[in-house]
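The values are calculated or read from the model by the stated rules, or taken from the named source; none is laboratory data. Just so you know, these numbers come straight off a predicted model, no measurement behind them. Don't worry about glycine lacking a Cβ; one is built from the backbone with ideal geometry, like all the others, and counts go over all protein chains shown. Just the protein is used for accessible areas: all its heavy atoms, side chains included, with ligands, DNA and RNA removed. Shrake-Rupley method; radii C 1.70, N 1.55, O 1.52, S 1.80 Å.
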Amino acid sequence: MAEVIPHSFFTDFDINLFKVGKHYRLYEKFGSHITTVDGIEGVYFAVWAPSAKMVSVVGDFNYWVEGEHKLNVRWDSSGIWEGFIPGAGKGSIYKYKIQSNHNDIKTEKADPYARRSEHNPKTASIVWEDDYNWKDSKWMKKRKKHNALDAPFSVYEVHLGSWKRKKDNSFLSYEDLADELVAYVKDMNFTHVELMPIMEFPYDPSWGYQLTGYFAPTSRFGDPEDFKLLVDKLHQNDIGILLDWVPSHFPEDAHGLGFFDGSALYEHPDPKKGYHQDWKSLIFNYGRNEVKSFLISNAIFWLDQFHADGLRVDAVASMLFLDYSREDGEWEPNMFGGRENLEAMSFLREMNEAVYSAFPDVQTIAEESTAFPMVSRPTSLGGLGFGMKWMMGWMHDTLQYFAKEPVYRKHHQNDLTFSMTYAFTENFMLPLSHDEVVYGKRSILGRMPGDEWQRFANLRLLYSYMFTHPGGNLLFQGGEFGQSEEWNFENSLDWHLLQYEPHKGVKELIKDLNALYKSEPALYEKQFSSEGFEWIDYNDAENSVFTYVRKGIDDKDNLVIACNMTPMPRENYKLGLSRKGKLKEIFNSDFKKYFGSGNYKNSLKTTKSDPWHFRDHSIEIDIPPLGMVVFKYNAQSKPKTSTKKRK
């Protein structure tokens, strides 16, 4: 095996950008890259290890002998070690052996920029490149309208390892999922899929939230090009894909980013800022320019190389607050005496600016559980710059309300109405995510009170209310057919339940709610604006009835919605309206095909000049038990089922 040949992919400009934290495509420079030097084929390696005394590449091409292939340190104080190794190539397995200046400590690390990793429990990196031929150009050209804030966002959250498994309980491959998952999501009319982290991770019970391979799709399900096939097939079927992204923390695994070159390189050196006590993990040093470049390059990488339509950023609250999950004395205030992590705030703003500058047709979505202001407002106005934010308060209050026996709900009317007091302070997505169906919380169905019929009626009502509440929607896998048991990452969803009418009915309901959401402009055109919502009456606590209007750009698209939160039908319920006209029922959660009673279908209604609810006109309707009905003025003779957006 030949010696390492001096070679570099870096220009002086690259180095300057890296040092000031403004290089957003480091994956083109760092890592392992198959190339040719002086007519010799091999691999160029580059790694950042400023505290190293020596860095050598060990791998299957040199029998893992330390020192056989020593990289050269750059002369510009960048801390970058690099070099070209003849004979290495695609599929070569390797790690970096790093001897530190600190007491000659030696670490053996996977490549932070590796494009592929070994299957766990193995931990080495693999030299990889692919020439995947994308076939999603049609989607990419038009996706701006699909990913816009005035477009439908109905997201199906998926954990690839447990959505469905083979008969021997082994994983479906990316290729399998490109057929089965894509067909299912298309049939269910969801607009987007959100994948829990698919970046390489060592420990299955972490669900992917403890990453070691930030630039490598996990090898559990196949090669990187196999994952591209899954993305491609989604796009070819007009389905967007969002990826969970975890810049908040990383695990201490020996081959990972922690203590990388014998020093606190990626993590903050102060444990009060660099160690997460809840998750026993390390926190990135957001104030270090090179770390910012690493993270922002990683965000750009998945949008650039894998055509992702957006990133859902995990655990933003833990990044924003210095005292997050810490007692007094375990954290130190910022320079102004506050609890905000100013460096993390700066990083998030910079990340969002970089993402939207390079990809104006995607969205970033914050999982942020506090009342931190302006998360989804532009950085130019002082916001963090996200496109959307998860509405955790709505999720908490709504699930708490629906878990109550209906007889008590009249005392808790405000639990549901409260969300509208802050619904338009952010661009909110309503999440019923994986976090709500684990750790003893029970499944969503498992929280519903009453006998079997009431439990399923409650569930259908919850989903119907969710889809007509302002904002985007997210539903975790299994929720769409009323999974009975808590989610278990080690097993497939309980697909056998679909042989039973109640579960089949919930599935049909979600399918139709998605179609309704996509076909009715009033449900999405102004979903983040107070102009798109108007209460008719939120004070009828005695009957536990909520009535409201969802508004589109054109008044003719407006929808009138009534929810009955009790098992008592509300017949001839009087409803005040501002406009006269004919109203047709276009959705009813009590239809027989949903496992409802089917007894409370409304005929065409004509308003009367009979003032009610402080409005000039009114109609009388039947609201089914534990049900929701949706009316539209001058609706077509048949309910809309088209999923195409208006031109």
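Some points to look at:
- Residues of the stretch 3-28 satisfying the condition of being modelled with pLDDT of 95 or more, of a type in the set (D, E, K, R) and over 33 Å from the mean Cα position of the chain (by Cα): ASP12
- Count - residues of the stretch 127-146 that are free of Cβ contacts under 8 Å to residues at least 40 places away in the same chain and either crowded, with 19+ Cβ neighbours inside 10 Å or under 22 Å from PRO197 (Cβ atoms) (or both): 0
- Exclusive hit being in contact with a strand residue (DSSP E or B) (Cβ under 8 Å, 6 or more places away or on another chain), open to solvent by 70 Å² or more (accessible area, probe 1.4 Å) and at pLDDT 95 or above, set LYS90, LYS95, LYS166: LYS90
- Residue check, PHE418 open to solvent by less than 10 Å² (accessible area, probe 1.4 Å), in contact with a helix residue (DSSP H, G or I) (Cβ under 9 Å, 6 or more places away or on another chain), modelled with pLDDT of 95 or more and within 24 Å of GLU367 (Cα to Cα): no
- Yes/no for SER32 being within 20 Å of PHE301 (Cα to Cα) and crowded, with 18+ Cβ neighbours inside 10 Å: yes
- The numbered conditions (1) open to solvent by 40 Å² or more (accessible area, probe 1.4 Å); (2) within 18 Å of PRO217 (Cα to Cα); (3) of a type outside the set (Asp, Glu) are all true for LEU149 except (2).
- Within the stretch 577-596, one or more residues are open to solvent by 30 Å² or more (accessible area, probe 1.4 Å), within 27 Å of LEU474 (Cα to Cα) and in a loop (DSSP other than H, G, I, E, B).
- Leading residue by the ranking (farthest from the chain's Cα centre (by Cα)) among those in the stretch 314-348 that are among the aromatic types (Phe, Trp, Tyr) and not in a helix (DSSP H, G or I): PHE336
- Residue list for the stretch 616-635, restricted to those being outside any strand (DSSP E or B), at pLDDT below 95 and under 21 Å from PHE467 (Cα atoms): ALA635
- From the list ARG460, ARG447, ARG442, ARG455, the one residue that fits, being surrounded by fewer than 18 Cβ atoms within 10 Å (Cβ to Cβ) and not aliphatic (A, V, I, L, M), is ARG442.
- If only residues of the stretch 405-428 that are touching a Lys or Arg at 6+ places or on another chain (Cβ under 7 Å) and touching a residue at least 40 places away in the same chain (Cβ under 8 Å) are counted, the one that is farthest from GLY479 (Cα to Cα) is GLU426.
- From the list PHE476, PHE424, the one residue that fits, being over 17 Å from GLU194 (Cβ atoms) and in contact with a helix residue (DSSP H, G or I) (Cβ under 6 Å, 6 or more places away or on another chain), is PHE424.
- Residue match in the stretch 354-369 (condition: surrounded by fewer than 17 Cβ atoms within 10 Å (Cβ to Cβ), of a type in the set (A, V, I, L, M, F, W, C) and out of contact with any Phe, Trp or Tyr (no Cβ under 8 Å at 6 or more places or on another chain)): no
- None of GLN400, GLN413 is among the polar types (S, T, N, Q) and out of contact with any helix residue (DSSP H, G or I) (no Cβ under 8 Å at 6 or more places or on another chain) except GLN413.
- Residue within the stretch 376-394 that is out of contact with any Phe, Trp or Tyr (no Cβ under 6 Å at 6 or more places or on another chain), surrounded by fewer than 14 Cβ atoms within 10 Å (Cβ to Cβ) and part of a helix (DSSP H, G or I) present: yes
- Qualifying residue in the stretch 489-496 (condition: touching a residue at least 40 places away in the same chain (Cβ under 8 Å), surrounded by fewer than 22 Cβ atoms within 10 Å (Cβ to Cβ) and more than 22 Å from the chain's Cα centre (by Cα)): yes
- Residue match in the stretch 100-115 (condition: open to solvent by less than 10 Å² (accessible area, probe 1.4 Å), out of contact with any Lys or Arg (no Cβ under 8 Å at 6 or more places or on another chain) and of a type in the set (Gly, Ala, Ser)): yes
- Segments classed as strands (runs of 3 or more DSSP E), wholly inside the stretch 42-144, with at least 3 members that are over 36 Å from the mean Cα position of the chain (by Cα) and over 18 Å from PRO224 (Cα atoms): 52-59, 80-86
- Where strands (runs of 3 or more DSSP E) fall wholly inside the stretch 171-264, the ranges with 3 or more residues that are in contact (Cβ under 8 Å) with a residue 60 or more places away in the chain are 213-217, 240-245.
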